[in-house]
Every structure is written in C-alpha cells, then in structure tokens.
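None of the figures in this text is laboratory data; all of them are computed from the coordinates on show. Computed from a prediction, not measured in an experiment: that's the story for all the values here. With ideal geometry, Cβ positions are generated from the backbone for all residues, glycine too; neighbour counts draw on all protein chains shown.
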Amino acid sequence: MATLIDLAETPVRDLNQALHEAPVASWRVLNPRGAHAVACGIRGNFTVDIEGHVGYYCAGMNQQATVTVHGNAGTGVAENMMSGTVRVRGNASQSAGATAHGGLLVIDGDASARCGISMKGVDIVVGGSVGHMSAFMGQAGRLVVCGDAGDALGDSLYEARIYVRGTVKSLGADCVEKEMSAEHLAELAELLKAAERDEDPADFRRYGSARQLYHFKVDNTTAY
C-alpha cells in the first residue's frame, strides 16, 4: 500500500526529505498544485505517483526511482536524471530532460522548446511534438518524437540519435537526416516498447550529427 503525502498539508521540503530517507516501496503525492522541485534528488528503487500538475524541475537528479506525474510538468522535468524512469502523463514545458545522463523520460503529450538540451545519455520518448532547438548540443542518448519537431532540431549535435515520426520544421547546424538501418529500427522498437507506445518504427526518420563542427574551420565561422 502506498504511503500518502498531501502537499496541501506538508511542505515540499519535508516530502523530499522523506523520499531521501525512508525505504518505502511506493509513494503517492496529492495536491502538488504546480509546486516546484517535487521528488528531486531521489536515490532509491521505488515508485512515486504525483497526482496533479507540477512546476519546475520535478524529479531532477533522479536515480533508480520510477516517478509518474499524472498531469503536466513545468520547466526542466527530469533535469540531470541519472537512472530510473520519469513519466509525464500530460505535457511538459521547456528543457525536459536537460543534461540528463541516463534513464528513461517519457512524455505522453507534447514537450516545449529545447527538449533534451545537452542530453548526455538519457532516452527521451515524446508521444506528441517537441518545440524548437530540441536536442541542442545533444551529446549522447536517444530522442524519439512521435509527432512533429520545431525549428533547429539537433543544433550543434554531438552523438545523440534522434528519431522523428512527423515533420521537422528545420534542422539545426550540423544536423542531417541519416539512413535507418536494421540496427536503428530494432533500437527504436525497443524504445517505443519501453515507453508503452505502439507506433511502427518504419514510420520514423533518423537524424544525427554530420560531424562537421567537431573541429574549428575558418571557412565555417558563420556556423559557430
């Protein structure tokens, strides 16, 4: 049975302290009402269900835990996540999964600008569309977009892989469309299954770095 914490009565600081210290297998958080930094810094293999909308940096720095937001999430959900799973049942604001090193972030709805900015190994699956400059400076990991992508997708990309099912408004500097091989189809199928999605991997296109900005070239000064 889940341990209940009502944020209408308990401060977020006390909630986070309890999540850091108490070895309880399941938590249920009521009345978040857009509070910031809910369920941050968790280091434990347990589940947290948040019943409502959250503000900035929910589930930031997550390690091992499974955190589900039954609502929308503000800026920086799962920022700097290391492992575990974070799922947003609604939409997410900008910078979802920013700088995250590992784990799986699933957004069932849409994500705003800079989804996956500077991602460093996280897997992100978005059921809807993403805003401009998503995966900007993405270093490692995979971004899967089941809807459309905004301007400057993958700008200044390193080695993160991007899969988009819908249309891409524009590609950022040094981001190009790449071949979808059997390896990539299998990888994408695995990611979609983990996110509980049923889209056909064959409907997606893959994007990655052209590797032209790795080293300074005087002829490319306008691209830096």
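Before moving on, here are some points about what is shown:
- Condition broken by residue 101, with the remaining ones in (1) surrounded by fewer than 19 Cβ atoms within 10 Å (Cβ to Cβ); (2) more than 14 Å from the chain's Cα centre (by Cα) satisfied: (2)
- Comparison of 54, 38, 24 shows that the only residue that is in contact with a Pro (Cβ under 7 Å, 6 or more places away or on another chain) and free of Cβ contacts under 8 Å to residues at least 24 places away in the same chain is 54.
- Across region 171-203, the qualifying residues are those that are small (Gly, Ala, Ser) and in contact with a strand residue (DSSP E or B) (Cβ under 7 Å, 6 or more places away or on another chain), and the one among them that is surrounded by the most Cβ atoms within 10 Å (Cβ to Cβ) is 195.
- A single entry from 219, 174 fulfils the requirement of being on the phi > 0 side of the Ramachandran plot and not basic (Lys, Arg): 174.
- When we screen 154, 208, 166 for residues that are in contact with an Asp or Glu (Cβ under 6 Å, 6 or more places away or on another chain), surrounded by 15 or more Cβ atoms within 10 Å (Cβ to Cβ) and either small (Gly, Ala, Ser) or free of Cβ contacts under 8 Å to residues at least 12 places away in the same chain (or both), the only hit is 166.
- Selection from region 26-44 of residues that are of a type in the set (A, V, I, L, M), in a strand (DSSP E or B) and crowded, with 19+ Cβ neighbours inside 10 Å: 29
- Within region 137-149, the set of residues being buried (at least 19 other Cβ atoms within 10 Å of the Cβ) and not in a strand (DSSP E or B) comprises 137, 138, 146.
- As for region 133-142, it holds no residue that is of a type in the set (Lys, Arg) and over 10 Å from the mean Cα position of the chain (by Cα).
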